[in-house]
Amino acid sequence: MPNEAVSTLTTARSSSKRPAGTLYRGNTGMWSWVLHRITGVAIYFFLLVHVLDTAMIRVSPGAYDAVMSTYKNPIMGLGETALVIAIMFHAFNGLRIILIDFWSKGAKYQRLLFWIVIAVWVIGTLGFAPIHLHNVFTEPH
Amino acid sequence: MSTIIESPRQPQQRASKGRVNWEKYGWIYMRASGVLLIILIFGHLFVNLVQGDGIKAIDFAFVAGKYATPFWQIWDVVMLWLAMIHGSNGMRTIVNDYASNPTVRRILLGALFVAAVVLIVLGTLVVFTFDPCSTLIPADQALSFCPVP
Ligand code: HEM
Ligand code: HEM
């Protein structure tokens, strides 16, 4: 039954005349999916490069320290900050996906879970970014 | 004419008896590896970026110190395998979603597979064959605790 199929997908009941949307299209579900995909791709390409730069330890101390010194410049420092922020979103949103799939109440609370992900993500970013930026922009003691 | 869209929870028709449902195991793998990767990657980032002087403290000696213990060797190799396979399988989903030309799709999937195999083998060898006092290291770059040849 087409109508039944639609109703299983509808997540929010409201008196609004606007279409209620579905779990995905145009709602938090869609934006979390877009961000999950973009961050996943970004981490993947970082990992390709990262295995190669770590492989320099097998070449010589000089070769490894040379690549690592590029990671210590301020522009890369901003990139690392963005990378870690991306990983935090992907990780927390990944947990939300897992909860929706395996926790019996996951689908019911998916929207609340989304906002919890955003909150934990913001807290994580506020915890991490100042420490890392401090390390990047000051000389080590 | 109207098309009936199946309920998303409609169980998939069995392809044929006795066949392994690889997509199902891929789906489970993405979730199982994800949970483990949270611990492994956050631990990795904490030790390398947050503790002490963070990024500024990372150099050859730092890595030599970590790889002197099997703990970090195994940590890194497990993280390498789980993340490479998780990332490559996720990229496979994305390629299947967007690459509509079958030839382009086959090339991209082949590239993902080759990259995964090469980097997993390389990364595993790097960790387990690493020798901080290798005789191949030029004397002027050797660490202080290494025996002088
Ligand atoms: C900017 C952030 C990062 C820095 C500074 C960093 C630094 C390092 C360093 C110094 C090593 C050498 C060994 C060790 O310390 O354990 C290493 C190895 C490794 N890192 Fe990272 N890492 C970062 C982010 C990541 C992320 C996000 C991942 C996962 C997606 C990751 C996965 C790995 C793996 C798998 C290895 C082992 C490589 C091999 O087997 O050859 N790292 N990283
Ligand atoms: C930190 C822990 C991580 C968690 C909890 C996590 C979780 C997940 C989950 C649950 C999915 C969805 C799979 C599906 O829909 O079937 C996924 C997809 C994906 N992940 Fe991760 N992941 C993590 C780390 C990583 C890393 C390190 C990479 C890259 C090397 C990565 C790359 C991807 C990609 C490319 C996708 C596919 C996205 C899509 O289909 O839209 N993830 N992840």
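Some notes on this structure:
- Accessible area buried by the pairing of B and A, both sides summed with a 1.4 Å probe, works out to roughly 4000 Å².
- Between A:ILE75 and A:VAL59, residue separation times 0.36 nm minus the direct Cα-Cα distance comes to 3.2 nm.
- Charge tally in the Cβ shell below 12 Å around B:PHE130, where Lys, Arg are +1 and Asp, Glu are -1, B:PHE130 excluded: 0
- Phi-derived couplings, Karplus 6.51 cos²θ - 1.76 cosθ + 1.60 at θ = phi - 60°, listed residue by residue for region B:62-79: 4, 5, 4, x, 5, 7, 6, 10, x, 3, 6, 4, 5, 3, 5, 5, 5, 4 Hz, with x used for Gly and Pro.
- Heavy-atom accessible surface of chain B: percent carbon and sulfur, 1.4 Å: 67 percent
- Most positive-pole-ward Cα, B:TRP81, B:ASN21, B:VAL104, against dipole of chain B from beta carbon charges: B:ASN21
- Helical content of chain B, expressed as a calculated mean residue ellipticity at 222 nm, amounts to -21000 deg cm²/dmol (DSSP H runs of 4 or more residues, -39,500 (n - 2.57) each, divided by residue number, nearest 500).
- Helix B:22-45 vs. chain B, principal-axis angle (Cα, 0 to 90°, nearest 10): 30 degrees
- Cα centroid separation, region B:1-79 to region B:109-149: 23 Å.
- The residues of region A:71-118 expose on average 50 square angstrom of accessible surface per residue, using a 1.4 Å probe on protein heavy atoms.
- Rounded to the nearest whole Hz, the Karplus-based 3J(HN,Hα) values (6.51 cos²θ - 1.76 cosθ + 1.60, θ = phi - 60°) of region A:128-139 follow the sequence 7, 4, x, 5, 5, 5, 4, 4, 6, 9, 10, 6, with x at glycine and proline.
- Put a plus charge on the Cβ of each Lys and Arg, a minus charge on the Cβ of each Asp and Glu, and nothing anywhere else: the dipole of the protein assembly as shown about its Cα centre is then about 1740 debye.
- Charge tally in the Cβ shell below 14 Å around A:ALA119, where Lys, Arg are +1 and Asp, Glu are -1, A:ALA119 excluded: +2
- Helix B:102-129 vs. chain B, principal-axis angle (Cα, 0 to 90°, nearest 10): 30 degrees
- As computed over the protein assembly as shown, the Cα convex hull volume per residue (Å³): 195 Å³
- Residue-wise HN-Hα coupling along region B:50-59, computed from phi with Karplus coefficients 6.51, -1.76, 1.60 (Hz; x: Gly, Pro): 9, 5, x, 8, x, 4, 5, 8, 7, 8
- Once Rg and the Kirkwood radius are both taken over the C-alpha atoms of chain B, their ratio Rg/Rh works out to 1.14.
The values are calculated or read from the model by the stated rules, or taken from the named source; none is laboratory data. What you are looking at is a predicted structure, and each value in this text was computed from that prediction instead of being measured. Here Cβ is always computed from backbone atoms with ideal geometry, including for glycine, and neighbour counts include all displayed protein chains. We work out accessible area using only protein heavy atoms, side chains counted, and drop any ligands, DNA or RNA first. Shrake-Rupley method; radii C 1.70, N 1.55, O 1.52, S 1.80 Å.
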